[in-house]
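> Take a look at the following structure, please.
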2 protein chains.
Amino acid sequence: MDPRHAILFEPVPIGPKTLPNRFYQVPHASGFGSIKPRTQAAFRAIKAEGGWGGVCVEYAPVSRDADEVPAVAANMWDDDDARGLALTAEAVHAHGALAGLELYHGGASSLNGESRAVRIAPSQLASELRFASLAKEMTAADIARVQRDWVEAARRGRDAGFDIIYVYGAHGYLFTQFMSPVTNRRTDGYGGDVAGRGRLWLETLQAVRSAVGGDCAIATRICVHGADGLPGIEIDETLELVKMADDLVDLWDLTVGSWPEDSGTSRYYAEGHERPWTHRVREVTAKPVVAVGRYSSPDLMAEVIRSGAVDLIGAARQAIADPFLPRKIAEGRLEEIRECTGSNVCILREEAFNHVGCVQNATAGEEYRRGWHPEVFSPAANPDLAVLVVGAGPAGMECAVVLGRRGFSAVHLVEAEAEIGGRLRWTRRLPTLGDWGRITDWRAVQLGKLPGVSVITGRRLSASDVLDYGADIVVIATGSSWRGDGVQPGRADRISGADAGLANVLTPEQVAAGKRPGGGSVIVYDTDGYYVGPGVAELLAGEGFTVTVVTTFPVLSPVSDETLEGEMLRADVHRRGIGVRRGLTITGIEAGSVRGLDEHGERWSARCDGVVLVTQQASDDRLYRELTGDPAALARAGIQAVHVIGDAVAPRIVSEAIFDGHRLAREIDGPDPSEPAPYRREPPDLASESYERG
Amino acid sequence: MDPRHAILFEPVPIGPKTLPNRFYQVPHASGFGSIKPRTQAAFRAIKAEGGWGGVCVEYAPVSRDADEVPAVAANMWDDDDARGLALTAEAVHAHGALAGLELYHGGASSLNGESRAVRIAPSQLASELRFASLAKEMTAADIARVQRDWVEAARRGRDAGFDIIYVYGAHGYLFTQFMSPVTNRRTDGYGGDVAGRGRLWLETLQAVRSAVGGDCAIATRICVHGADGLPGIEIDETLELVKMADDLVDLWDLTVGSWPEDSGTSRYYAEGHERPWTHRVREVTAKPVVAVGRYSSPDLMAEVIRSGAVDLIGAARQAIADPFLPRKIAEGRLEEIRECTGSNVCILREEAFNHVGCVQNATAGEEYRRGWHPEVFSPAANPDLAVLVVGAGPAGMECAVVLGRRGFSAVHLVEAEAEIGGRLRWTRRLPTLGDWGRITDWRAVQLGKLPGVSVITGRRLSASDVLDYGADIVVIATGSSWRGDGVQPGRADRISGADAGLANVLTPEQVAAGKRPGGGSVIVYDTDGYYVGPGVAELLAGEGFTVTVVTTFPVLSPVSDETLEGEMLRADVHRRGIGVRRGLTITGIEAGSVRGLDEHGERWSARCDGVVLVTQQASDDRLYRELTGDPAALARAGIQAVHVIGDAVAPRIVSEAIFDGHRLAREIDGPDPSEPAPYRREPPDLASESYERG
């Protein structure tokens, strides 16, 4: 270990417990909650195994009127829930870490899609999030009941083995709603001045401390303003609240602003962007403090600790991207750290209520169901077979890394271009997207360390080249490219005049390669809905073009709302002077103009010197088709199998291509590598109660 | 029974099975799938008990790459799934009905949020539904594998006790994608002419028939064009396909167009609107045919059967609204039929992946977890107590009905207005909303039949009136009203100049009561997002006003997208000449104009003679607060309890107010009626497999 990093491995007492080091996986959603208890336990345990000294599960509703369905939460409503989550506490303990339980009430933000309960709030105000439906202004009885629920859930959590019990007050949930004068208009002693608005939180902290404080560390998560902030949450008041509650708290867990700021992406927020806010809390407390910062650099982590402002390095996304980050630091294997890209693919999946996933770490969430470990790879049954991987994009790079780690001794990763990375070669150079390059960079380093893997660039293989190559197994990872022929989603006809062979029609790859329209006015036509349309628009605007994005969607880049980037992206596009026209389809392109239909089927047209078609992609699978179309030639060449992965199968976001490449390499010696092997599931309990007819 | 309806009770043979009558609950989502097997079983069993001769569960994915997470489906992937769903077959059989299993593959429409599998499709085309992500063009191996999956799932379904096995081909899913030349561009014998495009479906029918056709009826669901249709699905081709497959099919289940048309709401589609399409199938088959039509009239049902075009009355929504519809017809209790309003609240809940719910039938989905039966009510423990229900809106009406059915002998439902119905008094008179009046009408009829319940209208009760009333229990159901003071979601400040006491500022209720602005130009400001804003706009436009809806949302009425009405609503608004401006906030109103901010925080303004504020509602809970604020007075008056229900608790959509009133009446003799009693849940199985560390 580099001695500069030793400070990160000091133990930190929190109340009656002691964290073994300063690495702390803060609570974050997973898609497992209390409905997939074994998946949850294995997902959290791997972080403890990787060296995180504190490991928390996601938000754990204490009350039936804090039900998060359709999102997946770690409900702590009854003993069945506690029994399931106890698996996590046990699994985390097995690796010497402390287990944390973030008890939660969403108040007016709760969804209650299962319970059908009325939402509760300090005051009856509409929310811009939950339209056409208001919350109940909490009565004194409601206040008492929520506190009882919290205490009961805390006892269940303690009995289930959790070491750290939260009174969750951040992210705009119930306690924040009370703390903010914008959402709290009460006049009954639970509103008014800061002490009144903080009272429910303080009383709950006191009650939970009385109930379980002798056995568990009491943590609380609060919001410390931030650049954009939460309405009504101001730094001076937060510091006052910290002072008031400090005796009741063993661990302060700090967040900033709303979720899009708190989980800010690398496109719009630097590492440690929260520090100007979170580091001020040290002014008023000597208790242990944890704050996140999307930190991936051990030097920066050590510097933050040495500053004295915080005691623990909090992480959610970085702990997903690399569960073994602490161990790698401890063992001086810094170049093996998988740095989080800050692209929020994890949140994209969670916001859609899916099973968790990560672009950097394909094993995230697969620990139980597929038995994958991020650092341990079963030796292949056929390691002496020569494997040719054609294409060093995300899927091909990942596949080659995993094949190498599984002990294959002759893997050739062959790339047609001069540089590896696939589509990332150009997308990482679009404005704001630089950190996505970490996907390539980490794999480039690992590939260099694997003796069984050779990387060959600048060599484009034809089918006969592949047949002559001498490989036993061929993996095709030739990616995809943007169509320039006017095919677009949801329409049978092509855009007339759409031909990327013309001067005024461009694909994103052509733009990346330097093609530009003849005049200064460009329309970027985006029916894709994620980052490529806005990215190309910003690139061209930066060069002085007058750019308008025309999109079929009602908002620009709807996918970015699911990565929490929508608002920032649209502000960024606006700031750069790019026009946006929504809800429009393009049906024809002519020299100097486009025409199309609006959402009511009425015609529109606009002048422009060029159109960039961000319409849809197509797999570059010609090589795969040629090879598999001639089984006799494959047999003659001694090729036992030809597989296809990544965008060559179907163009998707990068995380899915990496997952695909990883999956094939894990299962390449299985009975049928062309299909994912079945995974373990967690069925409902049919045995414990006999079915009663309704 | 009326002899005209006897035809509905004839048995109908389907393959090796016989349906006991012509009432058939077609497959539809519930939010239970295979993860809540007991809830599922009880929900379906109640329909069998109510007389539906065929009862199906929802779509049942056959393959891992047809995973519907985050939506809830009846996965049929393994024996655990089959064991859970067997409870439904058993429960349905106990009432003499046949159980149906709709085996399913979504193809390019699958979500795969759990499996992380690549989506498959006939051709690699982008979808307007699944942006930034394309599907894999199915190989010959994929085609063979899906057929194998289907056969295995069919065997599991048969072994689980299902009588009817589907090969689901409608609603744009995998087989439809093959059938349509828009989405199928294959050249390998599974594309091309109609026989080629139908081949996968035909082969799968054949394979399933070979596997289980001796034991089960084979059903298929296909799309028969429709007014809007599905791209590439034409009636003539569908009839050809029916002819080709007729030997393989025991039951034809017909749909029209896309889901918004097929589950068309009463706002935009008449009962039986599908008939011009579905009834043509009789031209080419003599096999049993089922089609839906949102039918609630027994006469219309009998007429449709007598026409000979269909053999069964299919229902999804009507069977949710009244599981006992067949029995009520059989017993001549027609006035007790709870008619579906066609408002798609069930779909609003399902589209958001919530537990099912119904505006007319508060017991839907509560059969297992709360033990509620739609027609059976436990006798109250305290039936002799006099109950005063103040307010005959949705919550109050429902509460009084259930109290009456539970045997309370002195329930007074007292309404201040001359007419019962609450907000429905005026909303049912807005353009297109007439059928929502069924909510009031059904309850008015039932109230009239309950000897223990008296309805008193035109009497507004003050707190002292209530104290003097002689009630033992008081239920406050005084509803809510729209704020005219400029409070709006997400903003701390009020809209300056917003005062519904002024001539140019109006609330929806004021409009309903006849208030109109001085000039001809009106802005309806909608931050609510559902039906009131567009409804008021259409009312005023119909009177000749020039109307613009200004909304903070990126689309008009986003909630309507979840009821499948969004597209129709926006077309309807457009057709009536109403302007729509989106993404705008109003911050100030002056005589003759409004001003505000756009989504980038830049100022905008517009001229207008009046503004209707559809911003947010407030509970009318003054009476409740006055009464509960003086416990001594309550004690003196002998009032044992004061409860509050419906919008007086929190303004919500009508279904939630009805649920609230129903819930209180069911639990009014419980230990704490002010809180919903805990309900039974279905936890994951922790016993059957020991946890293995990842």
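The values are calculated or read from the model by the stated rules, or taken from the named source; none is laboratory data. Everything numeric here is computed off the predicted structure, so don't read it as measured data. Using ideal geometry, Cβ is built from the backbone for each residue, glycine included, and neighbour counts are taken over all protein chains shown. Areas reflect the complete protein model, heavy atoms only, side chains present, ligands, DNA and RNA absent. Shrake-Rupley method; radii C 1.70, N 1.55, O 1.52, S 1.80 Å.
> All but one of (1) touching a Ser or Thr at 6+ places or on another chain (Cβ under 7 Å); (2) at pLDDT 95 or above; (3) within 14 Å of another protein chain (Cβ to nearest Cβ) hold for A:Leu348, so report the exception by its number.
Answer for A:Leu348: the failing condition is (2).
> Specify which of the listed residues (A:Leu125, A:Leu103) is open to solvent by 30 Å² or more (accessible area, probe 1.4 Å) and either part of a loop (DSSP other than H, G, I, E, B) or more than 11 Å from every other protein chain (Cβ to nearest Cβ) (or both).
Sole residue among the options that is open to solvent by 30 Å² or more (accessible area, probe 1.4 Å) and either part of a loop (DSSP other than H, G, I, E, B) or more than 11 Å from every other protein chain (Cβ to nearest Cβ) (or both): A:Leu125.
> Further question: Can you tell me which residue among A:Pro631, A:Pro651 is more than 11 Å from every other protein chain (Cβ to nearest Cβ) and either without any contact (Cβ under 8 Å) to a residue 60 or more places away in the chain or surrounded by 24 or more Cβ atoms within 10 Å (Cβ to Cβ) (or both)?
Numbers: A:Pro651 fails: more than 11 Å from every other protein chain (Cβ to nearest Cβ).
None of the other options fit; the residue is A:Pro631.
> Only one of these is within 10 Å of another protein chain (Cβ to nearest Cβ) and among the charged types (D, E, K, R): B:Glu58, B:Glu137. Name it. Give the steps one after another, and end with the answer.
Numbers: B:Glu58 fails: within 10 Å of another protein chain (Cβ to nearest Cβ).
Answer to the check: B:Glu137.
> To continue, here is another question. Which number in (1) open to solvent by 30 Å² or more (accessible area, probe 1.4 Å); (2) touching a Ser or Thr at 6+ places or on another chain (Cβ under 9 Å) marks the one condition that B:Val256 misses?
Of (1) open to solvent by 30 Å² or more (accessible area, probe 1.4 Å); (2) touching a Ser or Thr at 6+ places or on another chain (Cβ under 9 Å), only one is false for B:Val256: (1).
> Then there is this: Quick check on this structure: which one of B:Thr427, B:Thr432 is at positive phi and among the β-branched types (Val, Ile, Thr)?
Details: B:Thr427 fails: at positive phi.
The conditions single out B:Thr432.
> Select from the range A:567-589 the residues that are of a type in the set (Gly, Ala, Ser) and within 10 Å of another protein chain (Cβ to nearest Cβ) and list them in ascending order.
A:Ala571, A:Gly583
> Please tell me if B:Glu599 is among the acidic types (Asp, Glu), under 24 Å from B:Gly497 (Cβ atoms), more than 10 Å from every other protein chain (Cβ to nearest Cβ) and surrounded by fewer than 23 Cβ atoms within 10 Å (Cβ to Cβ).
Numbers: among the acidic types (Asp, Glu): yes; under 24 Å from B:Gly497 (Cβ atoms): yes; more than 10 Å from every other protein chain (Cβ to nearest Cβ): no; surrounded by fewer than 23 Cβ atoms within 10 Å (Cβ to Cβ): yes.
So B:Glu599 does not fit the description; no.
> Which of (1) open to solvent by less than 10 Å² (accessible area, probe 1.4 Å); (2) basic (Lys, Arg); (3) more than 9 Å from chain A (Cβ to nearest Cβ) is the odd one out, the single condition B:Lys17 does not satisfy?
(1)
> List the residue pairs whose Cβ atoms are under 6 Å apart, where the first residue sits in the range A:4-16 and is over 18 Å from A:Ala309 (Cβ atoms), the second is modelled with pLDDT of 95 or more and acidic (Asp, Glu), and the two are 6 or more positions apart or on different chains.
Between residues of the range A:4-16 that are over 18 Å from A:Ala309 (Cβ atoms) and residues that are modelled with pLDDT of 95 or more and acidic (Asp, Glu), the close pairs are A:Gly15/A:Asp250.
> Would you confirm whether or not the range A:84-92 contains a residue that is open to solvent by less than 10 Å² (accessible area, probe 1.4 Å), hydroxyl-bearing (Ser, Thr, Tyr), at pLDDT 95 or above and in a loop (DSSP other than H, G, I, E, B)?
Kept after step one, since they are open to solvent by less than 10 Å² (accessible area, probe 1.4 Å), are these residues of the range A:84-92: A:84-85, A:88-89, A:91-92.
When the remaining residues are screened for being hydroxyl-bearing (Ser, Thr, Tyr), the result is A:88.
Then keep just the ones that are at pLDDT 95 or above; that gives A:88.
Next, from what is left, pick out any that are in a loop (DSSP other than H, G, I, E, B): none.
No, the conditions are met nowhere in the range A:84-92.
> Does B:Gly529 satisfy being outside any loop (DSSP other than H, G, I, E, B) and either of a type in the set (Phe, Trp, Tyr) or surrounded by 19 or more Cβ atoms within 10 Å (Cβ to Cβ) (or both)?
On the way: outside any loop (DSSP other than H, G, I, E, B): no; either of a type in the set (Phe, Trp, Tyr) or surrounded by 19 or more Cβ atoms within 10 Å (Cβ to Cβ) (or both): yes.
Judged against the criteria, B:Gly529 is not a match.
> Here is a follow-up. Does any residue of the range B:586-602 turn out to be part of a helix (DSSP H, G or I) and closer than 20 Å to A:Gly583 by Cβ? I'd like the intermediate steps shown before the answer.
As a first pass, look at the range B:586-602 and keep what is part of a helix (DSSP H, G or I): none.
Looking for residues that are part of a helix (DSSP H, G or I) and closer than 20 Å to A:Gly583 by Cβ, one finds none in the range B:586-602, hence no.
> Looking at A:Ala677, A:Ala687, can you tell me which residue is over 30 Å from A:Val536 (Cβ atoms), at the interface with chain B (Cβ under 8 Å from one of its Cβ atoms) and either under 36 Å from the mean Cα position of the chain (by Cα) or modelled with pLDDT under 95 (or both)? Spell out the reasoning first.
On the way: A:Ala677 fails: at the interface with chain B (Cβ under 8 Å from one of its Cβ atoms).
So the residue among A:Ala677, A:Ala687 that is over 30 Å from A:Val536 (Cβ atoms), at the interface with chain B (Cβ under 8 Å from one of its Cβ atoms) and either under 36 Å from the mean Cα position of the chain (by Cα) or modelled with pLDDT under 95 (or both) is A:Ala687.
> Looking only at the range A:563-573, decide whether some residue is open to solvent by 50 Å² or more (accessible area, probe 1.4 Å) and not in a loop (DSSP other than H, G, I, E, B).
Within the range A:563-573, the subset open to solvent by 50 Å² or more (accessible area, probe 1.4 Å) is A:567.
From what's left, not in a loop (DSSP other than H, G, I, E, B): A:567.
Within the range A:563-573 (the criterion being open to solvent by 50 Å² or more (accessible area, probe 1.4 Å) and not in a loop (DSSP other than H, G, I, E, B)), the answer is yes, since at least one residue qualifies.
The rows are residues; the columns are (1) open to solvent by 10 Å² or more (accessible area, probe 1.4 Å); (2) acidic (Asp, Glu).
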residue	(1), (2)
B:Val401	no, no
B:Val411	no, no
B:Gly448	yes, no
B:Ile456	yes, no
B:Asp472	yes, yes
B:Gly490	yes, no
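> How many of the residues in the range A:25-61 are open to solvent by 10 Å² or more (accessible area, probe 1.4 Å), of a type outside the set (D, E, K, R) and farther than 18 Å from B:Pro684 by Cα?
Summing the residues that are open to solvent by 10 Å² or more (accessible area, probe 1.4 Å), of a type outside the set (D, E, K, R) and farther than 18 Å from B:Pro684 by Cα in the range A:25-61 gives 4.
> Then there's this: Restricting to the range B:77-99, what's the tally of residues that are away from chain A (no Cβ under 11 Å) and basic (Lys, Arg)?
Counting residues in the range B:77-99 that are away from chain A (no Cβ under 11 Å) and basic (Lys, Arg) gives 0.
> Something else about it: Please find, among A:Val536, A:Val549, A:Val524, the residue that is crowded, with 24+ Cβ neighbours inside 10 Å, more than 10 Å from chain B (Cβ to nearest Cβ) and free of Cβ contacts under 8 Å to residues at least 60 places away in the same chain.
Working: A:Val536 fails: free of Cβ contacts under 8 Å to residues at least 60 places away in the same chain; A:Val524 fails: free of Cβ contacts under 8 Å to residues at least 60 places away in the same chain.
Being crowded, with 24+ Cβ neighbours inside 10 Å, more than 10 Å from chain B (Cβ to nearest Cβ) and free of Cβ contacts under 8 Å to residues at least 60 places away in the same chain holds for just one of A:Val536, A:Val549, A:Val524, which is A:Val549.
> Let me ask something additional. Return the only residue of A:Arg438, A:Arg406, A:Arg428, A:Arg423 being without any contact (Cβ under 8 Å) to a residue 60 or more places away in the chain and basic (Lys, Arg).
On the way: A:Arg438 fails: without any contact (Cβ under 8 Å) to a residue 60 or more places away in the chain; A:Arg406 fails: without any contact (Cβ under 8 Å) to a residue 60 or more places away in the chain; A:Arg423 fails: without any contact (Cβ under 8 Å) to a residue 60 or more places away in the chain.
The match here is A:Arg428.
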